[in-house]
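Q: I'd like to ask some things about the structure below.
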Ligand code: PEP
Ligand code: MN
């Protein structure tokens, strides 16, 4: 497969030599860098499932969701303490209290944590609580933030800007690499295109997965929750992403717990633990299929 020659990416080796597969030739074409977050391995054969609430709202909510997603096979917990909201009047997240809750829930469940950092001045603080820093779509090109996150040495989940080209996205990852941080996982989360807002929130760009894998050795995962914005679309988008070669998924989940209220953020795209279980089963089936194929080939 050669995508690069066809779609005008000749500048990539110059823009991002440190992460370019065409420049760094130590890995073979099928291999990705393994980015380890505690026991979780991005870029390995089995796709990683990260799940959790959009926003951390309380200890009870976060713990209930963490237990529910762990029960059905999620390996890592997501949850925003600092939320980038369109309106400054909307819930902005619990901030430091949210970080403390995440740390406590991680201790209870053993799940590593990824959480968003928006402010370069807070990178050091968030690093004390999180196992992986999330840089959100709106901040993909916040270069001072990328430089701080790069210097921190923490694994980074770098979401694609909602209108970012592949060059711009990989250029952002290069900022992290230039600071010596190659523990970067890319995340496609839907882009602005014609149907945005009509029947789905964004448009899930599945073809970019192959293009990313061709151009860089960094692992790439998919966020079907923000890509579709509709709970009923998340399962099919997840399976399609896995079938397209994604190294993992990051999914928003809500569940019942005593005193549960409607999520304060992105309620319509949150799926149930039962729906998450179907997605994990799809991954299990594919893994079994590949194992069988390999066994027969020997
Ligand atoms: C999120 O994951 O909570 C989030 C805000 O995502 P994005 O930056 O992709 O919009
Ligand atoms: Mn969200």
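The values are calculated or read from the model by the stated rules, or taken from the named source; none is laboratory data. In this text, all values refer to a predicted model and were calculated from it rather than measured experimentally. Every residue, glycine among them, receives a Cβ derived from its backbone with ideal geometry; neighbour counts consider all protein chains shown.
Q: In region 255-278, how many are within 16 Å of ligand 2 (Cβ to nearest atom), assigned to a loop (DSSP other than H, G, I, E, B) and in contact (Cβ under 8 Å) with a residue 60 or more places away in the chain?
A: 6
Q: Checking residue 281 against (1) under 16 Å from residue 47 (Cα atoms); (2) away from ligand 2 (no atom under 15 Å from the Cβ); (3) surrounded by 17 or more Cβ atoms within 10 Å (Cβ to Cβ), which single condition isn't satisfied?
A: Among (1) under 16 Å from residue 47 (Cα atoms); (2) away from ligand 2 (no atom under 15 Å from the Cβ); (3) surrounded by 17 or more Cβ atoms within 10 Å (Cβ to Cβ), residue 281 violates only (3).
Q: What tally of residues in region 229-248 results from selecting those that are outside any loop (DSSP other than H, G, I, E, B) and crowded, with 24+ Cβ neighbours inside 10 Å?
A: 4
Q: Among the listed residues 218, 186, 276, which satisfies the condition of being within 29 Å of residue 155 (Cα to Cα), surrounded by 14 or more Cβ atoms within 10 Å (Cβ to Cβ) and either modelled with pLDDT under 95 or over 14 Å from the mean Cα position of the chain (by Cα) (or both)?
A: Details: 218 fails: either modelled with pLDDT under 95 or over 14 Å from the mean Cα position of the chain (by Cα) (or both); 186 fails: either modelled with pLDDT under 95 or over 14 Å from the mean Cα position of the chain (by Cα) (or both).
Selected residue: 276, the only one of 218, 186, 276 that is within 29 Å of residue 155 (Cα to Cα), surrounded by 14 or more Cβ atoms within 10 Å (Cβ to Cβ) and either modelled with pLDDT under 95 or over 14 Å from the mean Cα position of the chain (by Cα) (or both).
Q: Would you say residue 116 is closer than 27 Å to residue 247 by Cβ, away from ligand 1 (no atom under 16 Å from the Cβ), within 15 Å of the chain's Cα centre (by Cα) and touching a residue at least 12 places away in the same chain (Cβ under 8 Å)?
A: No, not satisfied.
Q: Now for a different question. With respect to residue 159, is the statement that it is away from ligand 1 (no atom under 15 Å from the Cβ) and modelled with pLDDT of 95 or more true? Please lay out each step first, then the result.
A: Working: away from ligand 1 (no atom under 15 Å from the Cβ): no; modelled with pLDDT of 95 or more: yes.
In short, no.
Q: Looking only at residues in region 246-270 that are in contact with a helix residue (DSSP H, G or I) (Cβ under 8 Å, 6 or more places away or on another chain) and closer than 14 Å to residue 185 by Cβ, which one is nearest to ligand 1 (Cβ to nearest atom)?
A: Ranking the candidates gives 250 first.
Q: Also: Is it the case that region 192-199 has a residue that's within 16 Å of ligand 2 (Cβ to nearest atom) and part of a strand (DSSP E or B)?
A: Yes: one or more hits.
Q: Also, quick follow-up: Yes or no: residue 71 away from ligand 1 (no atom under 16 Å from the Cβ) and modelled with pLDDT of 95 or more? Spell out the reasoning first.
A: Details: away from ligand 1 (no atom under 16 Å from the Cβ): yes; modelled with pLDDT of 95 or more: yes.
So residue 71 fits the description; yes.
Q: Name, by its number, the condition in (1) free of Cβ contacts under 8 Å to residues at least 24 places away in the same chain; (2) within 16 Å of ligand 2 (Cβ to nearest atom) that does not hold for residue 157.
A: Failed condition: (1).
Q: Are there any helices (runs of 4 or more DSSP H) wholly within region 1-118 with 1 or more residues that are out of contact with any helix residue (DSSP H, G or I) (no Cβ under 6 Å at 6 or more places or on another chain) and farther than 25 Å from residue 148 by Cα, and if so which? Reasoning before the result, please.
A: Details: elements: 12-15, 59-71, 96-109.
Correct list: 59-71, 96-109.
Q: If you don't mind, another one. Hey, among 212, 234, 230, which residue is on the phi < 0 side of the Ramachandran plot, more than 14 Å from ligand 2 (Cβ to nearest atom) and touching a helix residue (DSSP H, G or I) at 6+ places or on another chain (Cβ under 9 Å)?
A: The unique qualifying residue is 212.
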